[in-house]
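The values are calculated or read from the model by the stated rules, or taken from the named source; none is laboratory data. Everything numeric in this text was worked out from a predicted model, so none of it was measured. Here the Cβ is made from the backbone with ideal geometry for all residues, glycine too, and neighbour counts use every protein chain on show.
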Amino acid sequence: MEVGNFEILKTEGAARRGVFQTAHGTVQTPVFMNVGTAGAIKGAVDAFDLKALGCQVELSNTYHLHVRPGDQIVRQMGGLHRFMRWDGPMLTDSGGFQVFSLSELRKIKEEGVYFNSHVDGRKIFMGPEESMRIQSNLGSDIAMAFDECIENPAPYEYVVDSCARTTRWLQRCKTELARLNALPGTVNPHQMLFGINQGGTYDDLRIRHMEEIAALDLPGYAVGGLAVGESTDVMYHILDVVIPHAPVHKPRYLMGVGTPSNIIEGVARGVDFFDCVMPTRNARHGHLFTWGGIMNIQNAKYQTDDRPIEEGCGCPACRSFSRAYIRHLLKAGEMLSQRLLVMHNLWFYNHLMERIRAALEAGTFAQFQEEYSEKLAKRI
């Protein structure tokens, strides 16, 4: 398969089972991307662990790696794949979300955004070209376009202007990445650009923006600006409205989403790629995903519970340790607790996707959705 080729193997309703080709391997979709913000999964999980946990795509953050250690240093070390020892497909987000969420002091202009680093306060400028250059230095397989992330809700007229600016920025991203990929010595000359759909919570703007960016014929398309405080009903409604206007034969990526239930519902609406910090962040506070619902390992009832987190789970934590021991580690502030808890949740997410793909192949996804969408969201 040629890099950038997306083949839909099976559909059930709007849900799709596919394969997507990158320079570092084939991605089986639907897929959950494991978030390694600064080139590592929080919780002391390395690239070799990721492989053992069933991760297909690792996701890192352009802004954070630009600030520290610096994308030039990563390039000097042979690119992010080599630096962190991950040899599979990799996506880098553009830094747009961080620029807009971390920085109170920022100025948005046509050329890009001026803001202060959250690490040392130094002034930084980032625009479409800068984001593409940083991501080219990192050498990921999928580079995300630099876009403006607006708050929900935002005034209609502002969103109109913001979408237009995001489209102009996307055209600049496309031009710059093509230039960078053609240079001798580029870390990953097969790097692909995904565009990002914006439009807040306005149906007409979402549709119009998707149609505009679809015309640029990119290798993939993301829906951005959701899971930022709006209700899940609003998010599902936007997906129902906008996904039918996304190119059929290109992967669709719902950014920053979400819970296991959100993922099942996203797949049902035609989404192929997902990412979220939730499995790792929740794990570090003792909140664990299981096939019976969400467990809080800190509960007193687990103090002398000799069972694994989940019977039959193949993750390293469940294979070797009891709920009582893991609870003790967390209460004692031991770093091992973070590692074991994170490994369990990532295993769960990656194997959730495996089961979703199997259900799509068998034509039983509707039953899977009915059985698990609500169940996985309840607390036990």
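Residue pairs, Cβ under 6 Å, 6 or more apart or interchain, first in region 343-363 and within 19 Å of Pro316 (Cα to Cα), second part of a helix (DSSP H, G or I) and at pLDDT 95 or above. List them.
Listed by first residue and then by second, the contacts come to Met343/Pro316; Met343/Ala317; His344/Ala317; Asn345/Pro279; Asn345/Ala283; Leu346/Pro279; Tyr349/Pro279; Leu352/Pro260.
In region 51-68, which residues are assigned to a helix (DSSP H, G or I) and crowded, with 24+ Cβ neighbours inside 10 Å? Spell out the reasoning first.
Our first condition is that a residue be assigned to a helix (DSSP H, G or I); within region 51-68, this holds for 51-52, 62-67.
Scanning region 51-68 gives Thr62, Tyr63, Leu65, His66.
Within region 269-320, work out how many residues are touching a Pro at 6+ places or on another chain (Cβ under 7 Å) and either assigned to a helix (DSSP H, G or I) or over 27 Å from Tyr253 (Cα atoms) (or both).
1
Could you list, in sequence order, all residues of region 327-361 that are surrounded by fewer than 17 Cβ atoms within 10 Å (Cβ to Cβ) and under 22 Å from Val19 (Cβ atoms)?
Glu354, Arg355, Ala358, Glu361
Among the residues of region 105-123, write down those that are crowded, with 18+ Cβ neighbours inside 10 Å and farther than 23 Å from Gly199 by Cβ. Let's see the steps before the verdict.
Just the residues of region 105-123 that are crowded, with 18+ Cβ neighbours inside 10 Å, to begin with: 112-113, 115.
Listed by number, the list holds a single entry, Phe115.
Testing Gln191 on (1) at positive phi; (2) touching a strand residue (DSSP E or B) at 6+ places or on another chain (Cβ under 8 Å); (3) not β-branched (Val, Ile, Thr), one condition comes back false. Which one is that?
(1)
Residue by residue, here is whether (1) buried (at least 23 other Cβ atoms within 10 Å of the Cβ); (2) in contact (Cβ under 8 Å) with a residue 12 or more places away in the chain; (3) not acidic (Asp, Glu) holds:
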residue: Ala215; (1), (2), (3): no, no, yes
residue: Leu226; (1), (2), (3): yes, yes, yes
residue: Val242; (1), (2), (3): yes, yes, yes
residue: Lys250; (1), (2), (3): no, yes, yes
residue: Tyr253; (1), (2), (3): yes, yes, yes
residue: Gly256; (1), (2), (3): no, yes, yes
residue: Thr259; (1), (2), (3): no, yes, yes
residue: Phe273; (1), (2), (3): yes, yes, yes
residue: Arg284; (1), (2), (3): no, yes, yes
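Can you find a residue that is within 17 Å of Gly363 (Cβ to Cβ) and of a type in the set (Gly, Ala, Ser) anywhere in region 26-48?
no
Does Gly312 meet the test of being surrounded by fewer than 18 Cβ atoms within 10 Å (Cβ to Cβ) and within 20 Å of Cys55 (Cα to Cα)? Quick ask: steps written out before the conclusion?
Values: surrounded by fewer than 18 Cβ atoms within 10 Å (Cβ to Cβ): yes; within 20 Å of Cys55 (Cα to Cα): yes.
For Gly312, the condition - surrounded by fewer than 18 Cβ atoms within 10 Å (Cβ to Cβ) and within 20 Å of Cys55 (Cα to Cα) - is met.
So, in region 148-186, of the ones that are modelled with pLDDT of 95 or more and in a loop (DSSP other than H, G, I, E, B), which residue ends up surrounded by the most Cβ atoms within 10 Å (Cβ to Cβ)?
Only one residue tops the list, namely Thr186.
Can you pull out every residue in region 239-268 that is among the charged types (D, E, K, R), closer than 23 Å to Tyr202 by Cα and not in a strand (DSSP E or B)?
Pass one, region 239-268, residues among the charged types (D, E, K, R): 240, 250, 252, 265.
Pick out the ones that are also closer than 23 Å to Tyr202 by Cα and you get 240, 252, 265.
Matches in region 239-268: Asp240, Glu265.
If a residue must be among the hydrophobic types (A, V, I, L, M, F, W, C) and free of Cβ contacts under 8 Å to residues at least 40 places away in the same chain, how many such residues does region 48-69 contain?
Step one: list which residues in region 48-69 are among the hydrophobic types (A, V, I, L, M, F, W, C), which gives 48, 50, 52-53, 55, 57, 59, 65, 67.
From what is left, the residues that are free of Cβ contacts under 8 Å to residues at least 40 places away in the same chain are 48.
Counting residues in region 48-69 that are among the hydrophobic types (A, V, I, L, M, F, W, C) and free of Cβ contacts under 8 Å to residues at least 40 places away in the same chain gives 1.
Give the number of residues within region 100-136 that are assigned to a helix (DSSP H, G or I), more than 18 Å from Ile73 (Cα to Cα) and without any contact (Cβ under 8 Å) to a residue 40 or more places away in the chain.
So the answer is 1.
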